[in-house]
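Encoded as structure tokens, the structure appears first; notes follow it.
The values are calculated or read from the model by the stated rules, or taken from the named source; none is laboratory data. Bear in mind that the values here come from a model prediction, so they are computed numbers and not experimental data. Note that each Cβ is placed from the backbone with ideal geometry, even for glycine, and that neighbours are counted across all protein chains shown. Note: areas computed on protein heavy atoms with side chains; ligands, DNA, RNA excluded. Shrake-Rupley method; radii C 1.70, N 1.55, O 1.52, S 1.80 Å.
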Amino acid sequence: MHDMKRILIFCLLLSAIHVSAQQVLTVEQAIDLALKNNYDIRLAKNDAAIAANDYAYANWAFAPRINATASKIWNTTRTKQEFVNGSKRDTSGIHSNNFTGNVTLSWTLFDGLKMFATRQKLEAIRDLGDAAMKDALITTVANVIASYYAVVQGKQQLHNLSEQLSIADERVKLSDAKFQTGLGPKTDWLQSKVDYNALKAAYLRQQTVIDQGKVILNQYMAIEGGNTQYEVQDSIPLNTDLAYGKMREEMLQRNSTLLVAKQNLQVSQLALKESRGDYFPVINFNTGYNFTKLNSNAATNSFSPVFNQNGVFNYGFSATIPIFNGLNVRRQVKNAELDVSYQQLSLENTRTKVDMALSNAFKDYEYYKTAVDLEEENLGLARENAMVALERFKQGVSTTIEVKEAQQSLEDAYNRLINARYNIKLAETQLLRLNGDLIK
């Protein structure tokens, strides 16, 4: 029994030395890297920036439109004429240039309040971009937490296998000693060696699983190059004080997915209002200034000027009244109404889904809290049973089968406890994600 304890202590010391040689990445550092580098977050930020930029120019929809045009044309005239009375006329070589310019202003005074709906829609789209970005942030943080603690879970399972290897190694030594002294059959030694090699293979496989888990975590942190030469924390901290009633109340107000659905509904309602504006006439105030200037080196006839300049200022009002356009406006309004109905259904559907997800996550949370307490007790009993079975085998009062069963029971109890802790963390993360409290 004392030899077994020394082996376990030695394995733990080796593990501690290995960890200290590698940089430890905390979950807070992983989240911070993801918030800075994650591609989904960066794409969401870009979309939100575009929406914000569009809204920044929304008020210019009320401003007049001013346009200016200018042109200059050079002409060369080559004309030869013969008249009935026999006279001839040659006006070749006449050069002229004509400059024209105008400035126009058009100001929409009324368009069925469509301008106001457009501005409100751009504001709603900006808020939708912010909500979508927050949803991407929360989803990414939840994924980082789940991936990070999946690596921690794998590390704990590796520790479990390390402990089982220590027991299996001791069992091989005892079986060999018994066989060499004639106190035990060779089959015990052979089976012990087979079991030891199987555990060693599982240990190597678990190291690969941990590296694969780190690659997934790296993807969320946008770390390239496949670097897995870092350590994670040893334990999974748990919050066991979450209350369903409070979380559901917060969820209905702060859930990011619900907020996105609400903003989509508001955008569709404003798009409908914008479409209905096309039923009304459009009244514009128009004004302009036109300037022309003509220069010529000679006149083509006695009535043609060699210099002419005009400046004309005008202003007035215009009204565009929709009478018939193939029922296109009616079609657009109908489509907008259908989109509003769709977004309303989508909002209700989202509300029921997040409500169901919260309920299921909380049930998992409550179950695994109970399971952790039970499995912690089971682990203590299974570890003691394994030590007793190994000692009995050493003294020759039990078989290798009894030791193997006790060892398997210890391995299973440890794995159940590890999985229960990880599943509590997943449920806790899901609850905080649903009620919008995962990030502030």
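Packing around the peptides 357-367, 195-205, taken as the average count of other Cβ atoms within 10 Å per residue, puts them in this order, highest first: 357-367, 195-205.
Among the listed pairs Lys200/Lys425; Lys173/Lys425; Lys155/Lys246; Lys155/Lys262, those with a Cα-Cα distance over 31 Å are Lys173/Lys425; Lys155/Lys246; Lys155/Lys262.
Partners of Lys80 within straight-line reach, counting aspartates and glutamates whose Cα lies under 16 Å from its Cα and excluding those fewer than 8 residues away in the same chain: Asp90. Placing a pseudo-label 7 Å from each Cα along the Cα-to-Cβ vector at Leu345 and Gln395 gives an inter-label distance of 7.4 nm. Between 0 and 90 degrees, the angle of helix 328-395 with respect to the longest Cα principal axis of the chain falls at about 20 degrees. Taking the centroid of alpha carbons for each part, the stretch 177-198 and the stretch 376-440 are 27 Å apart. Listed by chain and number, the aspartates and glutamates whose C-alpha is less than 17 Å from the C-alpha of Lys353, apart from same-chain residues fewer than 8 away, are Asp135, Glu249, Glu250, Asp364.
Rounded to the nearest 0.05, the FRET efficiency derived from the C-beta distance between Arg331 and Asn75 at R0 = 41 Å is 0.25. Per-residue packing, averaged as other Cβ atoms within 10 Å, sorts the ranges 259-266, 404-411, 427-434, 232-239 into the order 427-434, 259-266, 404-411, 232-239, beginning with the highest. Full extension of the segment from Thr240 to Arg205, taken as 0.36 nm per residue of separation minus the current Cα-Cα distance, would add 9.3 nm. The slack in the chain from Asn53 to Ser92, taken as 0.36 nm per residue of separation less the alpha-carbon distance, amounts to 8.1 nm.
When the GluC sites (Glu not before Pro) in the stretch 212-251 are filtered for DSSP coil states and for at most 12 other beta-carbon atoms within 10 Å of their beta-carbon, the remaining sites are Glu224. For the chain, the Stokes-Einstein estimate of translational diffusion at 4 °C and a viscosity of 1.567 mPa s comes to 43 µm²/s, using the Kirkwood hydrodynamic radius over alpha-carbon pairs.
So what's the gap between the Cα centers of the stretch 113-132 and the stretch 201-224, to the nearest angstrom? Answer, in whole Å: 43. Measure nothing fancy, just the Cα-based angle from helix 39-56's long axis to the longest principal axis of the chain, in degrees from 0 to 90, nearest 10. The two axes meet at around 30 degrees. What do you get when you divide the Cα radius of gyration of the stretch 68-168 by 2.2 N^0.38 Å, with N the number of residues? For the stretch 68-168, the normalised Cα radius of gyration comes out at 3.24.
Listed values for the stretch 123-136 are Karplus-derived 3J(HN,Hα) couplings in whole Hz (6.51 cos²θ - 1.76 cosθ + 1.60, θ = phi - 60°), namely 5, 5, 5, 4, 5, 5, x, 5, 5, 5, 5, 5, 5, 5, and x replaces Gly and Pro.
Rg/Rh, computed from the Cα trace of the stretch 272-363 with Rh as the Kirkwood radius, has the value 1.52.
Ordered by 1.4 Å accessible area with all protein chains kept, His159, His95 run largest first as His95, His159. In this structure Thr139 has an accessible area near 50 Å², from a 1.4 Å probe over the protein heavy atoms.
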